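The values are calculated or read from the model by the stated rules, or taken from the named source; none is laboratory data. Remember, it's a predicted structure, so these values are computed and weren't measured experimentally. Glycine also receives a Cβ, built like all others from the backbone with ideal geometry; neighbour counts cover every protein chain displayed.
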Amino acid sequence: MFLSAAVAGAGGLLLSGSALPSRLPYGGALKRDPFTLGVASGDPTPDGIVLWTRLALEPTAPDGLGGMPSGSFDVEWQLASDERFSKIVKSGTATTGAGQGHSVHVEVNGLEPGREYFYRFRADGHVSPVGRTRTAPTGLTPLKFVMAACAHWEHGYYTAYRRISEQDPDLVVHLGDYIYEYAPSGYTAVSGVVRRHAGRKCQSLGDYRLRLAQYKSDPDLQAAHQVAPWLVVFDDHEVENNWAGPVSSTGAAAFAQRKAAAFRAYYENMPLRRGSLQKGGSIRINRRIDWGTMATFHLLDTRQFRDDQACDDGERSGCDDRLDTGRSILGADQRGWLLDGLGRSESRWNLIGQQVIMAQRDGRTGPGVDVNMDSWDGYAADRTRLLQGIERSGAANPVVLTGDAHTHYAATLKPDFADPDSPQVAVELVTSSISSDGDGYRDTAGIAETMRENPHFSYIDQRRGYIVCSVSQDEMRAEFRTLDYITRRGAPAKTSARFTIPSGHAQLSA
């Protein structure tokens, strides 16, 4: 035991134990609390979990190293079956330093399935907040998870993350744009700049480390991490807006090096397994996470393997290049990996977590289409191949989980959106943003027009928010939660729409 009584963070988790020893292993080199970025866990298995923290005395120190002294630090960790830590299940020590951005990743194994656990860290006499986590179950165990995406620091407060922490989820699924890479005021919402980015536009490893530290210093984000394990994937802004494979959207020089720096910083700041970082500066985020036999999460990467956007990512109508059958957003290998996994899946629900909206979204009234080339609309043939493959796979209850759009959508997916008789293959749930684009709105007339043009949409809402999903053997329920404002603190969240997806039917019931 290494803690005196204290209360930590979200949920008032109680820490207790014997008094701290008088000996400090580094002679008190850390004069202040180094756990300013909180704690996190992720990627549960039936017998394991990833525990994370990162030491930082000054999160926005210009070099991105959090104001930490030179040298390495031993960080002790404990995992217990109770929040008072009277029953320590696992413990150990991890060493970190500047080479790891002072991050700690502990892969704990040998745990019991479907169990709740509590964890904490200590460094140089300082004790972290307590996090709550859980292992994946076996069998048809019900699941409650929250979908989240898109949290621009300058556009508003992270009240939605706080509201997520109050939902007591089993999992949080974050679908990208955890940070934004822009310089201060580089992307301004209509409601203005609420709080400013530290540092400059992210280009170097130090820049990305600094930006991630600033974001992770937010107490509402920390609260959401503390209550449950997370499954994370990135989209574009973790590197650069609308990047595509090897192509920089701004024509930036040395883009491969910039991507490698961004990927390394992303890994350092997320509860990912060590195998995520690959040789050659790449990172692997497409993976599968099973929740017993109730659900399998098939997590995708729609950035590293995509072809460049059609028509210079600008012209949104009259662009036939987007229909080119040779173009892909997933790449052939990843598409094959996904369809093979779906074909082998024995789970009741197959949840496909990915980044950009898959449903066709035509913004033009009348003949012709006006679509977003950065979404699946810019890769129409690849979408058709994938949806036909999903149908052929026979996988039970495919549901696509999506971020990026800064708007709530509920939709049904079919290989040919122009054909009313094309089969409904899957349901898509798109979560709005945590804060990106500032205070939201609800344009009733505009929504009605969009839904007339796109009858596969059942719901649209431009307010900020997240989605709470409850999965059982017979159905999946989705609650679209919204906040009326985020440019000032304290907004309540309310359920603005509810949908049920009956097992065996790719349809939405209100």
Checklist outcome for this item: So, first residue acidic (Asp, Glu) in segment 48-76, second residue surrounded by fewer than 23 Cβ atoms within 10 Å (Cβ to Cβ) and outside any loop (DSSP other than H, G, I, E, B), Cβ within less than 8 Å, six or more apart or across chains; the pairs are Asp63/Gly206; Asp74/Thr93; Asp74/Ala94; Asp74/Thr95; Glu76/Ser91; Glu76/Gly92; Glu76/Thr93; Glu76/Arg122
Checklist outcome for this item: Exception for Gln473 within (1) among the polar types (S, T, N, Q); (2) loosely packed, with under 14 Cβ neighbours inside 10 Å; (3) touching a helix residue (DSSP H, G or I) at 6+ places or on another chain (Cβ under 7 Å) falls at (3)
Item to check | Condition check for Gly363: more than 21 Å from the chain's Cα centre (by Cα) and part of a loop (DSSP other than H, G, I, E, B) | outcome: yes
Checklist entry - Restricting to segment 289-327, what's the tally of residues that are surrounded by 20 or more Cβ atoms within 10 Å (Cβ to Cβ), of a type outside the set (A, V, I, L, M, F, W, C) and assigned to a loop (DSSP other than H, G, I, E, B)? => result 6
Checklist outcome for this item: When segment 412-444 is checked residue by residue, the ones that are at pLDDT 95 or above, closer than 30 Å to Thr159 by Cα and of a type in the set (Gly, Ala, Ser) are Ser432, Ser433, Ser435, Ser436, Gly438
Checklist entry - Which number in (1) surrounded by fewer than 17 Cβ atoms within 10 Å (Cβ to Cβ); (2) over 23 Å from Ser509 (Cα atoms); (3) in contact with a strand residue (DSSP E or B) (Cβ under 9 Å, 6 or more places away or on another chain) marks the one condition that Tyr441 misses? => result (3)
Checklist entry - When residues of segment 328-349 are filtered for being part of a helix (DSSP H, G or I), out of contact with any strand residue (DSSP E or B) (no Cβ under 8 Å at 6 or more places or on another chain) and of a type in the set (Gly, Ala, Ser), how many remain? => result 3
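For every residue, the table says whether it meets (1) surrounded by 19 or more Cβ atoms within 10 Å (Cβ to Cβ); (2) polar (S, T, N, Q).
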{"site": "Gln355", "(1), (2)": "yes, yes"}
{"site": "Met358", "(1), (2)": "yes, no"}
{"site": "Gly363", "(1), (2)": "no, no"}
{"site": "Asp377", "(1), (2)": "yes, no"}
{"site": "Ala381", "(1), (2)": "no, no"}
{"site": "Thr384", "(1), (2)": "no, yes"}
{"site": "Gln388", "(1), (2)": "no, yes"}
{"site": "Arg392", "(1), (2)": "no, no"}
{"site": "Ala395", "(1), (2)": "yes, no"}
Checklist outcome for this item: When (1) assigned by TED's automatic domain parsing to the domain that holds Trp349; (2) surrounded by fewer than 24 Cβ atoms within 10 Å (Cβ to Cβ); (3) farther than 17 Å from Lys216 by Cα are applied to Arg162, the one that fails is (3)
Checklist entry - Does segment 235-258 include one or more residues that are of a type in the set (D, E, K, R), touching a Gly at 6+ places or on another chain (Cβ under 8 Å) and either part of a helix (DSSP H, G or I) or modelled with pLDDT under 95 (or both)? => result no
Checklist entry - Of all residues in segment 268-282, which are in contact (Cβ under 8 Å) with a residue 40 or more places away in the chain and either buried (at least 18 other Cβ atoms within 10 Å of the Cβ) or in a helix (DSSP H, G or I) (or both)? => result Glu268, Asn269, Met270, Pro271, Leu272, Arg274
Next on the checklist: Return the pair list, or none, for Cβ contacts closer than 7 Å from residues in segment 465-492 that are on the phi > 0 side of the Ramachandran plot to residues that are hydroxyl-bearing (Ser, Thr, Tyr) and crowded, with 16+ Cβ neighbours inside 10 Å, at least 6 apart or on different chains.
Outcome noted: Gly465/Ser432; Gly465/Thr482; Gly490/Thr159
Checklist entry - Taking interchain pairs and intrachain pairs at least six residues apart, which have beta carbon atoms under 6 angstrom, with the first residue in segment 246-257 and over 11 Å from Gln304 (Cα atoms) and the second part of a loop (DSSP other than H, G, I, E, B) and of a type in the set (Phe, Trp, Tyr)? => result Ser249/Trp243
Checklist entry - Are there any strands (runs of 3 or more DSSP E) wholly within segment 67-121 with 1 or more residues that are among the basic types (Lys, Arg), and if so which? => result 88-96
Checklist entry - Does Ile352 satisfy the condition of being touching a residue at least 12 places away in the same chain (Cβ under 8 Å) and outside any strand (DSSP E or B)? => result no
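Each row is one residue, and each column tells you yes or no for (1) more than 30 Å from Tyr485 (Cβ to Cβ); (2) aromatic (Phe, Trp, Tyr); (3) touching a residue at least 60 places away in the same chain (Cβ under 8 Å).
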{"site": "Ala380", "(1), (2), (3)": "yes, no, no"}
{"site": "Thr384", "(1), (2), (3)": "yes, no, no"}
{"site": "Val400", "(1), (2), (3)": "no, no, no"}
{"site": "Thr407", "(1), (2), (3)": "no, no, no"}
{"site": "Ser422", "(1), (2), (3)": "yes, no, no"}
{"site": "Ala426", "(1), (2), (3)": "yes, no, yes"}
{"site": "Val430", "(1), (2), (3)": "no, no, yes"}
Checklist entry - Name the pairs whose Cβ atoms lie under 9 Å apart, with the first residue in segment 159-176 and in contact (Cβ under 8 Å) with a residue 12 or more places away in the chain and among the hydrophobic types (A, V, I, L, M, F, W, C), the second surrounded by fewer than 23 Cβ atoms within 10 Å (Cβ to Cβ) and part of a loop (DSSP other than H, G, I, E, B), and 6 or more positions between them or separate chains? => result Ala160/Ala491; Ala160/Ala493; Ile164/Ala493
